[in-house]
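A.B. asks: Mind looking over this structure? Questions follow.
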Ligand code: SF4
Ligand code: SF4
């Protein structure tokens, strides 16, 4: 039953087919980024945020921290706004789903490697 | 002069520790193999090398947060843990979820099985040194990975199930794309089935290796493809269906894939044919998916209850045992992953085989790790490391929990 030669025709076919992978950091064309990809967290619409802290409470990874609004920020009703520590965020999207006012979003920018933890805080 | 040729040399018995990294899968796992020459005469499996205390963390989390924690128990079959936990909470709340949600959840489970089995097949090819087929099968696995990414937004941690349904809907465009993908995938899987069965490079390495006879498989309670490869009829999808498996099994179009070979080849054949069956199941699910809502609201506080949720994960029966207490946090959560059952059969499989076959025998149960033994505590502030024994860990954890009472 077992014999050699099952895979050879496939090998011959592959000699002429094109490369299956993308040379990623050098070439970005050909990367499949589907619509609705969950990636980097974003505080999209600050002006709608009430500072209710629901996002902080639901986050499973304790990635969201509520800080006092800085002068340059939009001043929310409670005076607090969320920031996200990307090093802890597991990109689940629960904060986006739970925010009653649709403030947060997960964008499709997937390049999230940084040299220091401080760079990983998203304001 | 003595004639060296006539002297019978009995090779000394040597015990070789394999691990703490699994030789096949680069994961923590510990084995002690006693060998006589090249023959394995005894094998001791030491499970529980790695302890992540997920269950304990889960007791301090809300049910909603645990969904994501559960999905991170395993990086390959994340959808099964995530879906099974959601199912357990729904059982405890005695909530009924919409039909469409059931279908989507089951679809994700089946897609997960397809990619997990192809991944295993690639690893198996790699373990026997057949890297061509390993590369090719993993290339074609991307078809199903792209499908999962397309519908859930993430390749690995799909996180599709939530308490009361699923989080994303499947559009008609996605449905069409997936149906096209299934045609391609089915054709490719038929090819890999033939490669696995007919190509000498693979078959001669797995034929008759790692025998696990049906009575022993039963005694060591092997589950999933490990048990089915020995002819045991163990498959929760057929024996105790939940979600959309109920209408699916009522059609009678699908059958449990069994093999009575009992060796690694049997387990490989079961997995490859099961992948093709899973593609057919996914196609059935897509074509018969009812319209309607995908989510039902379930109150966050779950009434006191005690439930056991079962699901057929790619590696076998997965159990989530959940005790709820009327708050939004579990009282006790216990996960019994299928690999735990399959480990015990491992010692038997290894005995009498060659040392060189150990990696493929170990890989044949498709192991996946999450258990208990000892931990390394790394202090984040000064980066020191120390080893803690189980007793000290218990004292420290009791102290921690006294200082940090549960938030209500
Ligand atoms: S982002 Fe949303 S959930 Fe978070 S504080 Fe603002 S309004 Fe509340
Ligand atoms: S995506 Fe998930 S982990 Fe990340 S901040 Fe939101 S809730 Fe937390």
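The values are calculated or read from the model by the stated rules, or taken from the named source; none is laboratory data. Computed from a predicted structure; not experimentally measured. FYI the Cβ positions are ideal-geometry reconstructions off the backbone, even for glycines, and counts take in every protein chain you see.
A.B. asks: Among (1) part of a helix (DSSP H, G or I); (2) at pLDDT below 90, which single condition is residue B:42 missing?
C.D. replies: (1)
A.B. asks: May I pose another question? Could you check how many residues of the stretch B:277-303 are over 30 Å from residue B:257 (Cα atoms) and either free of Cβ contacts under 8 Å to residues at least 24 places away in the same chain or not assigned by TED's automatic domain parsing to the domain that holds residue B:173 (or both)?
C.D. replies: The qualifying residues number 0.
A.B. asks: Next up: If you take the residues of the stretch A:45-56 that are surrounded by 15 or more Cβ atoms within 10 Å (Cβ to Cβ) and without any contact (Cβ under 8 Å) to a residue 40 or more places away in the chain, which of them is farthest from ligand 1 (Cβ to nearest atom)?
C.D. replies: Looking at the filtered set, the residue picked out is A:56.
A.B. asks: Still on this model: With the requirement that a residue be within 13 Å of ligand 2 (Cβ to nearest atom), away from every other protein chain (no Cβ under 11 Å) and under 20 Å from residue A:52 (Cα atoms), what does the stretch A:96-120 give you?
C.D. replies: A:99, A:103, A:104, A:105
A.B. asks: If you don't mind, there's one more thing I want to ask. Tell me which residues, restricted to the stretch A:40-52, are within 14 Å of chain B (Cβ to nearest Cβ) and touching a strand residue (DSSP E or B) at 6+ places or on another chain (Cβ under 6 Å).
C.D. replies: A:41
A.B. asks: Against the definition (without any contact (Cβ under 8 Å) to a residue 60 or more places away in the chain and touching a strand residue (DSSP E or B) at 6+ places or on another chain (Cβ under 9 Å)), how does residue B:36 come out, yes or no?
C.D. replies: In short, yes.
A.B. asks: Would you pick out the residues in the stretch B:181-196 that are touching a helix residue (DSSP H, G or I) at 6+ places or on another chain (Cβ under 6 Å) and more than 14 Å from chain A (Cβ to nearest Cβ)?
C.D. replies: Hits for the stretch B:181-196 are B:182, B:185, B:186.
A.B. asks: Here are some residues: B:236, B:173. Which one is in contact with a strand residue (DSSP E or B) (Cβ under 6 Å, 6 or more places away or on another chain) and either crowded, with 21+ Cβ neighbours inside 10 Å or assigned by TED's automatic domain parsing to the domain that holds residue B:107 (or both)?
C.D. replies: B:236
A.B. asks: Oh, and also: Check residue A:76 against each of (1) at pLDDT below 90; (2) away from ligand 1 (no atom under 11 Å from the Cβ) and name the one condition it does not meet.
C.D. replies: Result: residue A:76 passes all but (2).
A.B. asks: Only one residue in B:246, B:257 is in the same structural domain as residue B:133 (by TED's automatic domain parsing), surrounded by fewer than 23 Cβ atoms within 10 Å (Cβ to Cβ), without any contact (Cβ under 8 Å) to a residue 40 or more places away in the chain and within 18 Å of residue B:87 (Cβ to Cβ). Which one?
C.D. replies: After ruling out the rest, the residue left standing is B:246.
A.B. asks: Using the structure shown, decide if residue B:163 is touching a helix residue (DSSP H, G or I) at 6+ places or on another chain (Cβ under 6 Å) and surrounded by 15 or more Cβ atoms within 10 Å (Cβ to Cβ).
C.D. replies: Judged against the criteria, residue B:163 is a match.
A.B. asks: Looking at (1) over 17 Å from residue B:78 (Cβ atoms); (2) within 11 Å of chain A (Cβ to nearest Cβ), which one does residue B:172 not meet, given that it meets all the others?
C.D. replies: (2) is the only condition that residue B:172 fails.
A.B. asks: Can you tell me which residue within the stretch B:149-158, out of those that are free of Cβ contacts under 8 Å to residues at least 60 places away in the same chain and either in a helix (DSSP H, G or I) or out of contact with any strand residue (DSSP E or B) (no Cβ under 9 Å at 6 or more places or on another chain) (or both), is surrounded by the most Cβ atoms within 10 Å (Cβ to Cβ)?
C.D. replies: B:152
A.B. asks: Could we say that residue A:60 is touching a helix residue (DSSP H, G or I) at 6+ places or on another chain (Cβ under 6 Å), more than 14 Å from chain B (Cβ to nearest Cβ), at pLDDT 90 or above and within 11 Å of ligand 2 (Cβ to nearest atom) here?
C.D. replies: Taking the combined requirement at face value, the residue does not satisfy it.
A.B. asks: Here is a follow-up. Only residues that are assigned to a helix (DSSP H, G or I) and over 22 Å from the mean Cα position of the chain (by Cα): list them for the stretch B:89-115, please.
C.D. replies: Matches in the stretch B:89-115: B:90, B:91, B:92, B:93, B:99, B:100, B:101.
A.B. asks: Would you pick out the residues in the stretch A:59-72 that are more than 8 Å from ligand 1 (Cβ to nearest atom), buried (at least 16 other Cβ atoms within 10 Å of the Cβ) and either touching a residue at least 24 places away in the same chain (Cβ under 8 Å) or closer than 29 Å to residue B:60 by Cβ (or both)?
C.D. replies: A:59, A:60, A:61, A:63
A.B. asks: A further question follows. Being away from chain B (no Cβ under 12 Å) and either away from ligand 2 (no atom under 16 Å from the Cβ) or on the phi > 0 side of the Ramachandran plot (or both) narrows it down to one of A:93, A:36, A:79, so name that one.
C.D. replies: A:79
A.B. asks: Among the listed residues B:73, B:108, B:118, B:97, which satisfies the condition of being farther than 13 Å from residue B:163 by Cβ and touching a strand residue (DSSP E or B) at 6+ places or on another chain (Cβ under 7 Å)?
C.D. replies: Being farther than 13 Å from residue B:163 by Cβ and touching a strand residue (DSSP E or B) at 6+ places or on another chain (Cβ under 7 Å) holds for just one of B:73, B:108, B:118, B:97, which is B:73.
A.B. asks: Given the structure, is residue B:75 surrounded by fewer than 24 Cβ atoms within 10 Å (Cβ to Cβ) and part of a helix (DSSP H, G or I)?
C.D. replies: No: the conditions fail for residue B:75.
A.B. asks: To continue, here is another question. Could you figure out which of (1) under 30 Å from residue B:151 (Cβ atoms); (2) away from every other protein chain (no Cβ under 13 Å) isn't true of residue A:72?
C.D. replies: (1) is the only condition that residue A:72 fails.
A.B. asks: Would it be correct to say that residue B:225 is away from every other protein chain (no Cβ under 11 Å), closer than 23 Å to residue B:80 by Cβ and either in a helix (DSSP H, G or I) or touching a residue at least 24 places away in the same chain (Cβ under 8 Å) (or both)?
C.D. replies: Spelling it out, residue B:225 is indeed away from every other protein chain (no Cβ under 11 Å), closer than 23 Å to residue B:80 by Cβ and either in a helix (DSSP H, G or I) or touching a residue at least 24 places away in the same chain (Cβ under 8 Å) (or both).
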